[in-house]
Every structure is written in C-alpha cells, then in structure tokens.
Amino acid sequence: MALSGLLIALAFGYLLGSIPFGLIITRLAGKGDIRKIGSGNIGTTNVLRTGSKKLAALTLLGDALKGTVAVLVAGLYGGTELALVAGLGAFLGHLFPVWLKFKGGKGVATYLGILLGLAWPIGLAFAAIWIAMAFVFRFSSLSALAASLVSPFLLLAIGDLNKAILFGLLSLMLWVKHHENIGRLLTGKESRIGQKSAPAAAPPPETV
C-alpha cells in the first residue's frame, strides 16, 4: 500500500474522529459549553450531567458512528489495511481534536464504534462486558477498562492479529487517558454510575 494512501486514510479518520459531537449537540440544545460543566470533558458521561439522557445518547451515537464510518469508508476504497489506519486516525482525532486545542474525550464510544466496524462480534462482546461490569460494580470507568483489556485478546483468539495489534494500541491509549480514574478506583474515590457529580471546583470523573 502506497504511503500516500495510508496518510490519506489516517487524515480522513482523524478529521472524522475530531468532530466534537458532545460540544455541538449540547450547544444546539441550548445547554451552553459542555466544557464548563462537570468535568469539562466533551464525552457522553459529562453530557449526561446536563440532565438530558437524550443528549447523552445522541453524543454516544455520534462518537461511536464517526469511528464506524471511518473504517467502513476507508475499507471500501482500500481494504482492511486502510480501514485499520483510518480507525487509528479516528481514535486519535477523538482524543486529540485539533479544533479544541487537542483536548478531547477518553475514547470509549469511538473505540466501540471502530470495533463494530472492523469486527462486529467482538464489538458486541465489548458492549456485553461493559454492561455486565457496570451492572455488578456500578463503575463506568472500570467497565470500560475491563472491556478494552479483553477485546485485543478476543481478536487474537479468532486469529485476527492485525486487528488485535491495533486494539492493543487503542486500549493502551484508553487506559492512559483513564489514569485519573484508575487512581480513584484504587483509592475508593471513584464515582459510581448514577451518583451525583461533585461541584465544578472538584470535577467528577469522566470515562467516555
């Protein structure tokens, strides 16, 4: 595959991934700048703190679909190799969007969208693990960390090495972005799902 094609796929994925759906949706709904609410993050968890489950669901859908669209379109024109590169670009775009001075979300929804586009059965497994962990432990961050840890091994189990390598890298970045959540989990200070958020002076954890 030509280097130019790989760079185009990476840039295409990055531009899609950098669309800040949480910020756009909340502004259109008259909620103001989501970055001034709760944790200041643009992801689904913080959008939920506006009090609107509908806006949070739309943000989740948008952040997931931009990953799915990136890999499907790139795959249509350049096969699996370009799809993998576009997926990496979409994830980087969500984490580090150029429009927001490279301050984006934590990548869970986009990770899931990319996974559904490249290996949908493993994407469903990711979602099932997240739901099960959330039901038992009530920690959104722990659920995302566990699901992202297992996913590369599931891809290895079905013999898809290239995708396993990609998602190993994405999982590593996702864990790094969740380092504050991990610290709170270890010290017993992480907020549970449904727990009221802390005031702006002491922002609550963000997981998506």
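For the stretch 1-71, which helices (runs of 4 or more DSSP H) that fit wholly inside it have 3 or more residues that are surrounded by fewer than 15 Cβ atoms within 10 Å (Cβ to Cβ), of a type in the set (A, V, I, L, M, F, W, C) and more than 13 Å from the chain's Cα centre (by Cα)?
Once the helices (runs of 4 or more DSSP H) in the stretch 1-71 are filtered for at least 3 residues that are surrounded by fewer than 15 Cβ atoms within 10 Å (Cβ to Cβ), of a type in the set (A, V, I, L, M, F, W, C) and more than 13 Å from the chain's Cα centre (by Cα), what remains is 3-17.
Confirm whether Trp120 is more than 13 Å from Gly43 (Cβ to Cβ) and free of Cβ contacts under 8 Å to residues at least 24 places away in the same chain.
On the way: more than 13 Å from Gly43 (Cβ to Cβ): yes; free of Cβ contacts under 8 Å to residues at least 24 places away in the same chain: yes.
Spelling it out, Trp120 is indeed more than 13 Å from Gly43 (Cβ to Cβ) and free of Cβ contacts under 8 Å to residues at least 24 places away in the same chain.
Give me a count of the residues in the stretch 1-47 that are in contact with a Pro (Cβ under 8 Å, 6 or more places away or on another chain) and either under 23 Å from Leu118 (Cβ atoms) or not hydroxyl-bearing (Ser, Thr, Tyr) (or both).
The total comes to 7.
Results for (1) under 12 Å from the mean Cα position of the chain (by Cα); (2) over 24 Å from Leu58 (Cα atoms); (3) surrounded by fewer than 14 Cβ atoms within 10 Å (Cβ to Cβ), shown as yes or no for each residue.
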site	(1), (2), (3)
Ile129	no, no, no
Phe137	no, yes, no
Ala144	yes, no, no
Ser151	no, yes, no
Leu154	no, yes, no
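Just to be sure, is Leu155 modelled with pLDDT of 95 or more, closer than 22 Å to Gly17 by Cα, assigned to a helix (DSSP H, G or I) and not acidic (Asp, Glu)? So that I can check it myself, show each step before the final result.
Working: modelled with pLDDT of 95 or more: yes; closer than 22 Å to Gly17 by Cα: no; assigned to a helix (DSSP H, G or I): yes; not acidic (Asp, Glu): yes.
So Leu155 does not fit the description; no.
The values are calculated or read from the model by the stated rules, or taken from the named source; none is laboratory data. These numbers come from a predicted model, not from an experiment. Backbone-built Cβ (ideal geometry, glycine too); neighbour counts: all protein chains shown.
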